[in-house]
1. Got a number for residues in segment 200-229 being open to solvent by 30 Å² or more (accessible area, probe 1.4 Å), more than 28 Å from the chain's Cα centre (by Cα) and free of Cβ contacts under 8 Å to residues at least 40 places away in the same chain?
2. Please list, ordered by residue number, the strands (runs of 3 or more DSSP E) wholly in segment 187-257 having 1 or more residues that are farther than 29 Å from Val274 by Cβ and touching a helix residue (DSSP H, G or I) at 6+ places or on another chain (Cβ under 9 Å).
3. Any idea which of (1) at pLDDT 80 or above; (2) more than 39 Å from the chain's Cα centre (by Cα); (3) among the small types (Gly, Ala, Ser) is the one Ala20 doesn't satisfy?
4. Which members of segment 64-94 meet the condition of being touching a Lys or Arg at 6+ places or on another chain (Cβ under 8 Å) and open to solvent by 30 Å² or more (accessible area, probe 1.4 Å)?
5. Return the residues of segment 112-153 that are of a type in the set (Gly, Ala, Ser) and more than 25 Å from the chain's Cα centre (by Cα); say none if nothing qualifies.
6. Just checking, how many residues over segment 95-122 are open to solvent by less than 30 Å² (accessible area, probe 1.4 Å) and either among the polar types (S, T, N, Q) or at positive phi (or both)?
7. For segment 232-286: of the residues being open to solvent by 80 Å² or more (accessible area, probe 1.4 Å), modelled with pLDDT of 70 or more and in contact with a Gly (Cβ under 7 Å, 6 or more places away or on another chain), which is farthest from Glu217 (Cα to Cα)?
Amino acid sequence: MTARASLWQLFVRNWPIKLAAMFFAIMLYVAVAAQQTLTQSFALRLAIAIPPGRTVRQQPAGVLVVITGTGSEILKLRSFPRVIRKVIPDTFSASLWRIQLTAADVELPKGIGVQVADIRPRDVEILLDSVSRKDVRIVPRVKVEAESGYVLRGLSITPSLAHLVGPEKSLAKLDSVTTLPTLISSVSGPFFQTVPIDTAPLGVVRISPKAVRMAGEVTAIIERSIAGVPITTAASGFTGFLLSPERVSVTVRGPASRVNTLTRDSVRVVAHLVARRGRAATPGSP
């Protein structure tokens, strides 16, 4: 038997066992490699949500995100969203918006043991078109219906001014904004209510705040009699005349908070001489 034949017989001898051993060795290598910490970079798109009516003058470039984790965990990232989303506030009125990206901005799937190691670049600038700003009055369109026997004492609005951001031509047409028509009924005491601002006429103009706080108070209507109120006379025309009686009782009706504070000195009764019986009175007549 030649040497070549001997080597072949040695190779094929117990070949199922040898094949199984080779398979398990490969699987062991793959299992060990899957548990090693790896680093992989992903290119992500930067999606910016801009306020209505504004445009981006320069589109932002993409970012590179470096992620670390075990090989088995990184393999699970095949389908994660390759986008970072940021929102520019509606009240932003400048042309250049600067943001600093953090690991929290990367939307990684839940339950996967990986971490964001780095983001390049972290500082991003978004260039927008220019806009103007303006503060205008907020006019309440609120009707208060007090319960029977009560009267509205006061109504306030907070805040009283709205901050507008938008194209200069659009802002020039706006001197004030109003709330939505609102009815506050069955009121018998202090009340507070949040009322939205009517934004329909604004178009692309953005407003802050979008709602105001209405506050007011109603008070009960009472009736009270104040006795002993002295009668005063007009400056002229009473020469030779006497007043009888010289004091009277006065009945006042109104909000309890006001009526209860009235005293004899708070009320003034003035007598005017209109005419004598039979002919008109003249100054100095007997």
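1. Result for segment 200-229: 5.
2. 211-233
3. For Ala20, the failing item is (1).
4. Leu64, Arg82, Asp90, Thr91
5. Correct list: Gly113, Ala117, Ala146, Ser148, Gly149.
6. 0
7. Restricting to residues being open to solvent by 80 Å² or more (accessible area, probe 1.4 Å), modelled with pLDDT of 70 or more and in contact with a Gly (Cβ under 7 Å, 6 or more places away or on another chain), the top hit is Arg247.
The values are calculated or read from the model by the stated rules, or taken from the named source; none is laboratory data. Given the structure is predicted, the values throughout are model-derived calculations rather than measurements. As a convention, Cβ positions derive from the backbone with ideal geometry for all residues, glycine included, and neighbour counts pool all protein chains shown. When the accessible area is computed, the model is the full protein with side chains, heavy atoms only, and any ligands, DNA or RNA have been set aside. Shrake-Rupley method; radii C 1.70, N 1.55, O 1.52, S 1.80 Å.
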